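Student: Provided herewith is a single structure, encoded as structure tokens, for subsequent inquiry.
What follows is calculated from the coordinates using simple rules that are stated; it is not laboratory data. Nothing here was measured: the structure is a model prediction, and the numbers come from that model. FYI the Cβ positions are ideal-geometry reconstructions off the backbone, even for glycines, and counts take in every protein chain you see.
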Amino acid sequence: MSLDAVMPEKDCIHFTPGHSFEDIKNSILLFPSISVANVPQLTADLLLHTLPFVRIGTINDDYLHSFVSPIDYVASELRPNGVSYGIELYYCQDQNLTLVQQRAPIIAGLHEEHIAEVIVPLLKQADFKNVILFHLLDAGLVENIFPGTLQVYTQEDQLSKSLEALRISEQGYQLLSSLPEIDAPYMKCLMKSLGEFVNYSILVAFAYEGDNFYDSLNMATKVAHLLDIDVSQWKTPVSWFGVYGDKPVSNAMEDGLYG
């Protein structure tokens, strides 16, 4: 008897009490890819802390590096109790949006297993109305596109349906059906897997790696426009403080070298 025959199937997600797949069915999923500069994850941060998202579960992290941290929060709000994990699922009932936030990298060489055994089962069971992938490409490696450019790409055979579902026809963004070459193995595998069963669009930012706060704000603003959501001001979490050297230098002796 093979090992697979006796091992139970892994749960792709562990819901918090009171939540289930019924909560997120027919919602739009916002999914940050793993790409240069972590702009997709920073964009997800802005959405999570600005819109009324609630964590409804943790996603299987067997193929990720071990990760746990205090829960991130906005400085003007009370610091919450509890911990955050490597990859989690959030839901915003007001906008019927689901969002995946991944904070830990995939173990080298295991991205195909992670997609096949975790991401694909999650998406199939949730039966999302649409999936919007966030991705970033190095502007220095793409011809005729300026840094700061942001474009939307859809599947060729579902272009008209995607436009109607995402309501982007009045935003004035350029839509192309042919995506520039992506050399990120995770994203290439993800697109190939999702294309077999789900309607997805890709929101791609073109930027250099460095201080990418502006790129994240730009991408988050475009997401809000795509979904017809009015955001007057984006809220940044405390984890952003000091990331790119903007934390004040302390002269207190007790802080030592690592203050």
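Student: Principal axis extents for segment 1-137, Cα atoms only, whole Å, descending order, please.
Tutor: Reported extents, whole Å, longest axis first: 57, 33, 32.
Student: Grab the beta carbon distance between Asp228 and Thr149, set R0 = 25 Å, and tell me the FRET efficiency rounded to 0.05. Show your work: numbers first, answer last.
Tutor: On the way: r = 22 Å, r/R0 = 0.89.
With R0 = 25 Å, the Cβ-Cβ based efficiency is 0.65.
Student: Fewest to most neighbouring Cβ within 10 Å: what's the order for Glu88, Glu117? Could you put the intermediate results ahead of the total?
Tutor: Working: Glu88 20, Glu117 17.
So the residues, fewest neighbours to most, are Glu117, Glu88.
Student: So what are the ³J(HN,Hα) numbers for segment 215-224, from phi and the Karplus equation (6.51, -1.76, 1.60; θ = phi - 60°), rounded to whole Hz, Gly and Pro as x?
Tutor: So the Karplus estimates, Gly and Pro as x, are 4, 5, 4, 5, 5, 4, 5, 5, 4, 4 Hz.
Student: Any idea what the dipole of segment 1-132 comes to, in debye rounded to 20, about its Cα centre with Lys/Arg Cβ at +1 and Asp/Glu Cβ at -1?
Tutor: On the way: 7 positive and 16 negative charges, 61 e Å.
About 300 debye.
Student: Here's a follow-up. Starting from 0.36 nm per residue, how many nanometres of slack lie between Leu110 and Val54 once their C-alpha separation is accounted for? Kindly include the intermediate steps, with their values, before the conclusion.
Tutor: Numbers: separation 56, 0.36 × 56 = 20.16 nm, distance 2.90 nm.
Working it through step by step, the gained length comes to 17.3 nm.
Student: Calculated FRET efficiency, Ser20 and Leu217, Cβ-Cβ r, R0 45 Å, to nearest 0.05? Kindly include the intermediate steps, with their values, before the conclusion.
Tutor: On the way: r = 34 Å, r/R0 = 0.75.
The calculated FRET efficiency here is 0.85.
Student: Still on this model: No solvent, one uniform scatterer per C-alpha: report log10 I(q)/I(0) for segment 181-230 via the Debye equation at q = 0.17 1/Å, two decimals.
Tutor: For segment 181-230, the Cα-only Debye profile gives -0.72.
Student: Which whole-angstrom value gives the distance between the alpha carbon centres of segment 109-126 and segment 182-207?
Tutor: Cα centroid of segment 109-126 versus Cα centroid of segment 182-207: 13 Å apart.
Student: Still on this structure: Give, in nm to one decimal, the length gained when the segment between Ser69 and Lys192 is fully stretched (0.36 nm per residue of separation minus the Cα-Cα distance). List each step's numbers first, then the result.
Tutor: Details: separation 123, 0.36 × 123 = 44.28 nm, distance 3.22 nm.
Between Ser69 and Lys192, full extension yields 41.1 nm more.
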